[in-house]
1. Label-point separation (nm) for residue 188 and residue 80, each offset 7 Å from Cα along Cα-to-Cβ?
2. In nm, to one decimal, how far is the residue 345 label point from the residue 133 one, both placed 7 Å along Cα→Cβ?
3. Starting from the 7 Å offset along Cα-to-Cβ, what nm value, one decimal, do you get for the label separation of residue 302 and residue 286?
4. On full extension of the chain, what length is gained from residue 328 through residue 181, given 0.36 nm per residue of separation minus the C-alpha to C-alpha distance?
5. In nm, what is the difference between 0.36 nm times the number of residues separating residue 395 and residue 146 and their Cα-Cα distance?
Amino acid sequence: MHWLVKPRRAQILLLIAAVLLLDWLFLSLTRSLGFARPLVMLLFVLCSLAAILDLRAAVAILLLVASTDGFIKGWLGSSTLSLLLKDYFLGLAAICWLSGAPWRTRESSWHHSIRLPMILLALCVLAQIANPLSGNRYIASLAGARAWLVWLGVFFVAHDLLTNRKMAELLVRWILLLAVLCAGYAMLQQIYGFGFLGEASPQALSRAETFQWLSPAGQRLARVHGTTVHPGALGTFMGQAILLGLGSFLASQRRSQRLFCAGCAAIATVGLLLSGARTAMAAAAVGWLSMLLVWRSARLPLLVAAVLLPGILVAGSLTRRSAYERGLDIWTRRVYTFERGWGPMQWAFDMALQHPLGRGIDAGVGVPDVLQDKVKTSGLFYENDYARALVELGFPGLFIFGWLLWWCLRYGWRSCEAIRGQPSFALGMSFLGCIVMTEVSLFTGSTLYLAPGALIFWTCVAGASALAGHPQTERPAPTRPAPTTGKGPSPQSA
């Protein structure tokens, strides 16, 4: 990969030319920009150049695009273009990481031990594309393979970026800021409805009106999705932001930083309750419990109550207490909650007994086609990534997928043990909470595919691994030696 480093000038000129060409091709496909086309083109070119020249900008812009995926999709009027936009900036971040500038440590992440389960999972997924049981639907299988593998590379990029505590804190605050913007947009949707979307994109309006939930009183209530593509994606984003906000609050040493983190966590709580995502609510609670087990202090529950209570009250007033009913529905209908997670695993296990090596890759996120009959019979919608792995990849694929997730959980725990007692311990604790939350939510969702939850998950895994691998960066600075008098050796040097 040294050909990307030398000569530097030729590399920059070549990449800039390629970026400008891709920008022109992308913008030529968009027909709904109108008078804003020149401004959007200028912004797009500037973001592309920043992403190709600086790894920090590349990750920040990728997070921005992922967190506004639903807004961009409605604005462009095309799911394909929004998908290509995410892949485009992900590719720019990968190129910037491969170029190694200004960081020369890409070997530290590429030689990471987690690459083994990642490579095995990629080989397993690619091999299943040619499985004859999939019906030779190669285009759909490629889309499903992308869903499995697209975000794995984020780990290597983020790992080499998060080389110290300061960089990790900056990235977490950027995620919190994006979460506030997303939650604010969700509040506007809750207050004013979705009518304003019809002027910009009728397709986005019709799609947003399909997101509803049935209240205990039998009423169909709208579920907002903010700037994401789905209320479930909004809930996952908000849950991750709450955990990161709590950890950053405990890790910050300035009052202004603590106020910022506490405010972001409270606003994210509003967004979580407005989304009505029960999976995200339950998974965030489990993630918080994992943080509590690591922290082992009564301070954390008091902090959670003080920070999240204002957000809970605001969400209750905006939804006329229906958000509370949606959250309590996890326990009041606990049989249904259990069935949503365990039912797909039973069906998948029965099918895996018939085809233990897998049935081939399906089209991607959602219920696999082979389970559609079961879903129609039950009258409920089930989605489970562990069951998907068992059906599509078989028992070997499920083992590799579980092995990869176990490595992520292991590094989250190791980071907390390696930096215990240091200023960044609370930050590592929040990384562990996000990892636990995401892996729990896979029982009823596709968090490792939908943006920005998947991107934040691999960023947290990379941050936890980086903090565990660089404990020397967290040591206190050495004290200044006493000045010498010039008449002889000082007592310290004697």
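1. About 2.9 nm, to one decimal.
2. 2.1 nm
3. Each label point is offset 7 Å from its Cα along the Cβ direction, giving 3.0 nm.
4. 50.3 nm
5. 87.6 nm
FYI, it's all coordinate maths here, none of it is from the lab. Model, not experiment: these values are computed from the prediction. No Cβ is skipped: glycine too gets one built from the backbone with ideal geometry, and neighbour counts run over all protein chains shown.
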